[in-house]
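To keep things clear, I will list the structure first and then write my remarks on it.
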Amino acid sequence: MKYIILGGNGFIGSYIVDVLLENNQEVTVFDIAGEKFRKPLPSVNYIYGSIDDHQLLKDIFKENDILIHCISTTVPLTSNKNIEYDIETNLLNSVKIFRIACEQNIKRIVYLSSGGAIYGEINDIFINESAPTHPISSYGIVKLAIEKYLAYFSSNYGIEYNIVRPSNPYGPRQNPFNNQGVISVFLGKILNDEAIEVWGDGEISKDYVFVNDLADSIFQASICTEISQIFNIGSGKSTSINEIIKIIKGITKKEFTIKYHNTNKFDVKNVCLDIQKAKDKLNYLPKVDLVNGIEKTWEFLNNSTK
């Protein structure tokens, strides 16, 4: 099969590329720039450009079978600071992407949504795909709207789709000096002997998924016989920030300062995804636990800065 990955040079996208190559698929990556931590791979077709260059998208969609859409220009924090930008660059562009995909006879779209921001604050211990959606950030609202438009294009134009809602992905090659990805950001701060910052009392509890496990699930969503489905992808466990800090201390063997701040309003406080549907239909099984995943991430950061 011929795949095109929108955002294939990003953190998650780069691992999707790896999984596709391991499964002998043809891969085209569309992104605005190259990968941060490694050189271009010789077996990948790279095309660089802006996601709002719709003529370019028409040209590169023509001879591909499956589209994996994992581009997002915002995170929950930045989306709330500029809601109009979030809508224009994510929602409107995604609608145009879906229309072009239909016109160019893409067979299936896999969309990378959100397994936290979509749901908002829910009291259930485990959140399944049929849970109510009450996003509390523009990021979550836009992600949900994109899902709905993807279903619209499937109903009206016949294109197949599956949606993956990941929990909080982490792992090697995640930018430790960005504003998303608490595990990588903490490790980056510690590596530079800086204080880490915690919003709230550290008891916010979330589900963390190792990036290799997430990439495997996205590939399975692209080939499974089930279509028009939404799949939660996570570890099936929730871990508090304070617990993560404890694990990090044990792995890094370093002393560091922790600064606690008043909690923010855009961040969902407690998330644990029910992943039974993915287990049943995608044969999904998380392989890397949190301690092992943080060890791998810390090792990568130490090696990449030498």
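The values are calculated or read from the model by the stated rules, or taken from the named source; none is laboratory data. This is a predicted model, so every value here is computed, not measured. Glycine gets a Cβ as well: all are built from the backbone with ideal geometry, and neighbour counts include every protein chain shown.
Report yes if residue 215 is small (Gly, Ala, Ser) and surrounded by 20 or more Cβ atoms within 10 Å (Cβ to Cβ), otherwise no.
Values: small (Gly, Ala, Ser): yes; surrounded by 20 or more Cβ atoms within 10 Å (Cβ to Cβ): yes.
Against the criterion (small (Gly, Ala, Ser) and surrounded by 20 or more Cβ atoms within 10 Å (Cβ to Cβ)), residue 215 qualifies.
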Among residues of the range 133-156 being without any contact (Cβ under 8 Å) to a residue 24 or more places away in the chain and part of a loop (DSSP other than H, G, I, E, B), the residue surrounded by the most Cβ atoms within 10 Å (Cβ to Cβ) is 135
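Yes/no per residue for (1) surrounded by 21 or more Cβ atoms within 10 Å (Cβ to Cβ); (2) out of contact with any Cys (no Cβ under 7 Å at 6 or more places or on another chain); (3) under 22 Å from residue 208 (Cα atoms):
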| residue | (1), (2), (3) |
| --- | --- |
| 50 | no, yes, no |
| 68 | yes, yes, yes |
| 72 | yes, yes, yes |
| 81 | no, yes, no |
| 95 | no, yes, no |
| 106 | yes, yes, no |
| 113 | yes, yes, yes |
| 119 | yes, yes, yes |
The correct count of residues that are without any contact (Cβ under 8 Å) to a residue 40 or more places away in the chain and crowded, with 19+ Cβ neighbours inside 10 Å in the range 221-253 is 1
Among the residues of the range 114-126, the number that are in contact with a Leu (Cβ under 8 Å, 6 or more places away or on another chain) and either under 22 Å from residue 98 (Cα atoms) or modelled with pLDDT of 95 or more (or both) is 2
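For every residue, the table says whether it meets (1) surrounded by 22 or more Cβ atoms within 10 Å (Cβ to Cβ); (2) at pLDDT 95 or above; (3) among the charged types (D, E, K, R).
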site	(1), (2), (3)
12	yes, yes, no
16	yes, yes, no
21	no, yes, no
32	no, yes, no
37	no, no, no
45	no, yes, no
54	no, no, no
When (1) more than 17 Å from residue 150 (Cα to Cα); (2) of a type in the set (Asp, Glu); (3) touching a residue at least 60 places away in the same chain (Cβ under 8 Å) are applied to residue 65, the one that fails is (1)
Matching residues in the range 155-203 (under 26 Å from residue 273 (Cα atoms) and more than 20 Å from the chain's Cα centre (by Cα)) number 8
Here the residues within the range 158-184 that are within 13 Å of residue 298 (Cβ to Cβ) and assigned to a helix (DSSP H, G or I) are 183, 184
Kindly indicate whether residue 83 is modelled with pLDDT of 95 or more, within 22 Å of residue 284 (Cα to Cα), touching a helix residue (DSSP H, G or I) at 6+ places or on another chain (Cβ under 8 Å) and not aromatic (Phe, Trp, Tyr). no
Residue 130 meets each of (1) buried (at least 20 other Cβ atoms within 10 Å of the Cβ); (2) under 21 Å from residue 220 (Cα atoms) with one exception, condition (1)
Pairing a residue in the range 176-202 that is within 16 Å of residue 76 (Cα to Cα) with any residue that is of a type in the set (Asp, Glu) and not in a helix (DSSP H, G or I), where Cβ atoms lie under 8 Å and the two sit 6 or more apart in sequence or on different chains, gives 199/267
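Filter the range 55-87 for residues that are among the charged types (D, E, K, R) and not in a helix (DSSP H, G or I); which is nearest to residue 4 (Cα to Cα)?
Per the stated criteria, the residue is 65.
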